[in-house]
Amino acid sequence: MDGQTHASPSGRLPAWLRAHAPELLFAVLLLAVLPMRDLWAPDEPDFAECVKEMRLRGDWLLPYLNGAPYSEKPILYYWVMKASSVLLDALTGGLGFTQGVAAWALRLPSVIAGVAFLSAFRRWAVRFLEPGAAEPASLILATTPLWFWQSQFIQIDLLFSALLAWSWLAWLGGYLLLRRQGGEAVPDEHRRWFLKAYVWLALAFLAKGPLAPVLSVLVLAAFLAWQRDLAVLRRSGIVAGLVITLVLVAPWYVAAGLRGGAHYAYELIIFQNFERATKAWDHIHPWWKYFEYILGDFFPWVLLLPALALHLRRERSLGDPAKRFLLVAFLVPFAFLSAVQSKQGKYLLMSYPFLALLLGDLFRRLEGVRIRRLGLLLAAGLALPALVLAAAALGVGGVKTQAQLAPFLGPVRLLALVMAAGTGAVAFLAWRNWAGSLVPAAALSLGLLYLVGSTWGFRLLDPQKSYRRWTTAVQPMIAGRQVFYWQTIRSGVMVYTDHLMPELRTAEALERLGPEARLVAQRGEWEQDAWGMSPALRARFEVLLAVPTGGGEILLLKKKP
């Protein structure tokens, strides 16, 4: 059988369904998990509280958190969340809304951004890359764990990454058309692609700040230096791009700075960008941390990267400008972000579409024994979670682990069966040399893993992580009272209440509390002798309520007379 490439069984699917399979798979997955959980700490309650306070104030200019302007990110994501909440609240008559927010409505902008990007991504690949690369690339991206997770999470990073990655793809489309690769459908079509790139870049700037233009300059500079084609800048509309960016970005920054004041402007522009990069205060990791992140965030496709490197070298594909750009768009952000102190896996999200395109091209070119080798490697990758899940289902891991897993044994067993079946299917297809079916089979297995794990697992975890039980218990006890929070606010404690909770961070502030006021604290922070806290001061407070939430315990306290 070696040396023969068989037709893919997926070719029997209707043409429309096959053409749109990646977007349909992704949309079904995301819509299925959309209502399965409430707001989960640490980030989702913060964004929900910001939207709630913007709605209460009727304000579209600044986000607010606990009554103060919130400077962590620019405004675009807050705009789309608020618009989604206002529209869906009106259309559904408040279905699932509490205090003006609903997790599913706030999650919808990430879902839409993820699906819309995937659709545009696939169409771009059909237009500008060789036939056969678009479908595997789209399925790889849709089932990349980090891309799937962020697409149903209330966080800026998916929207920002989709805007930035599309900006780069649009610029590359303009470049390829300018250099007569891709064939212009209409005269001067390349100009439209360049202008679209600058519009999307400006929106990415408005979503997460200066990181968008910084990374873009680095990526384009590296690519054009490799191409030895800096002269193209004169024809790529750079001046128009600067004007577009200023027109779209500057008005909000100026208006927000005037409304929020000098301190807000400093935190928004300097503190949250330059100081976070050079003097980080959280998520501080060594330079090599992204090598560790990518193992899980891009699993199991990460196992194919050595084969991709060998393929690019063997085939000398890097003479192609498109392949060069795709590689640069992955490597440059990886290198730059590795040099920054603060690191999280989601920061690299904008690079994964380009890695998926390179892998899509790899699968398009597979033949003979190479199909079998890479297919079996992919099957081995799927076997890893299958074995872990099977071991958990069979009681491996000790008494404590089994006690923690007991409520989840049903989903764990089903997930183990799903992954075992996926492993077997991919191994069979590899052995039969059905190259065109390897990625769809693996993607289907991963999609079922996410579907079962999310719809079942999220429902089981949600009662432990949701703040609704706390809210139901505490609301009658704080009605009509002043409520304060000890140390940095966890927004979940107030998002479903009708209270703001000013933060107290010193012993002197606690001393000034009256007996009618109420104090909220995380037990771990309350029992820690720090920030002026002492056993004697703690003894002056009475615990009125303690509610386990999210792996910790939230306390409601009052000062003893």
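The values are calculated or read from the model by the stated rules, or taken from the named source; none is laboratory data. From a predicted model like this one, the values you see are computed outputs, not experimental measurements. FYI the Cβ positions are ideal-geometry reconstructions off the backbone, even for glycines, and counts take in every protein chain you see. Note: areas computed on protein heavy atoms with side chains; ligands, DNA, RNA excluded. Shrake-Rupley method; radii C 1.70, N 1.55, O 1.52, S 1.80 Å.
Counted residue by residue at 0.36 nm each, then reduced by the alpha carbon distance between them, the extension gain from LEU545 to VAL254 reaches 100.3 nm. Residues whose amide H falls under 5 Å from that of LEU545, counting only those 5 or more places apart or on a different chain, are LEU556, with hydrogens built in the peptide plane. Among ALA165, PRO131, VAL520, pick out the residue whose Cα is farthest towards the positive end of the charge dipole of the chain, where Lys and Arg carry +1 and Asp and Glu carry -1 on C-beta, about the Cα centre. The residue sitting farthest along the positive end of the dipole is PRO131. Going through region 118-189, which trypsin sites (Lys or Arg not before Pro) have at most 15 other Cβ atoms within 10 Å and a DSSP loop state? Those satisfying the criteria are ARG179, ARG180. Under 5 Å between amide hydrogens, built in the peptide plane, is the criterion, and for GLU553 it picks out ARG523, GLY524 among residues at least 5 positions away or on other chains. Within the full protein context, the accessible area of HIS311 is estimated at about 0 Å² for a probe radius of 1.4 Å. For the chain, a simple Cβ point-charge model (Lys and Arg +1, Asp and Glu -1, everything else neutral) yields a dipole of about 880 debye relative to the Cα centre. Once whole DSSP H runs in the chain are found, which of them have Cα atoms spread over 30 Å or more along the helix axis and a mean Kyte-Doolittle score of at least 1.0? Those that pass (Cα extent of 30 Å or more, hydropathy at least 1.0) are 157-178, 238-266, 369-393, 409-431.
Taking every protein chain into account, the accessible area of the chain amounts to 43 square angstrom per residue (probe 1.4 Å).
For region 403-483, what is the charge dipole size about the Cα centre, in debye to the nearest 20, if Lys and Arg each add +1 at the Cβ and Asp and Glu each add -1 at the Cβ?
Using only the charged Cβ atoms, the result is roughly 260 debye.
The TYR266 and ALA403 beta-carbon pair, evaluated with R₀ = 45 Å, returns a calculated FRET efficiency of approximately 0.35.
Calculated FRET efficiency, LEU310 and ARG57, Cβ-Cβ r, R0 56 Å, to nearest 0.05? The calculated FRET efficiency here is 0.45. Provide the percentage of antiparallel DSSP beta bridges, counting only those with both residues in the chain; round to the nearest 5. Antiparallel: roughly 75 percent of the beta bridges in the chain.
By per-residue mean of other Cβ atoms within 10 Å, what is the highest-first order of 547-554, 411-418? Please list the in-between numbers first.
Working: 547-554: 16.5, 411-418: 19.6.
Per-residue mean Cβ counts within 10 Å order the peptides as 411-418, 547-554.
Using alpha-carbon pairs under 8 Å, 6+ residues apart, how would you state the relative contact order of region 101-208 in percent? Write down the numbers at each step before the final one.
Working: 105 pairs, mean separation 30.3, N = 108.
Worked out over region 101-208, it gives 28 percent.
Projecting label points 7 angstrom from Cα along Cα→Cβ for ILE284 and ARG234 puts them 4.9 nm apart.
Could you pull out the pairs from LYS82/LYS196; LYS82/LYS343; LYS289/LYS558; LYS208/LYS323; LYS289/LYS400 whose alpha carbons sit more than 32 Å apart here?
Numbers: LYS82/LYS196 25 Å; LYS82/LYS343 28 Å; LYS289/LYS558 44 Å; LYS208/LYS323 28 Å; LYS289/LYS400 30 Å.
Where the Cα-Cα span goes over 32 Å, the pairs concerned are LYS289/LYS558.
Apolar share of the accessible surface for the chain: 65 percent from carbon plus sulfur atoms, 1.4 Å probe.
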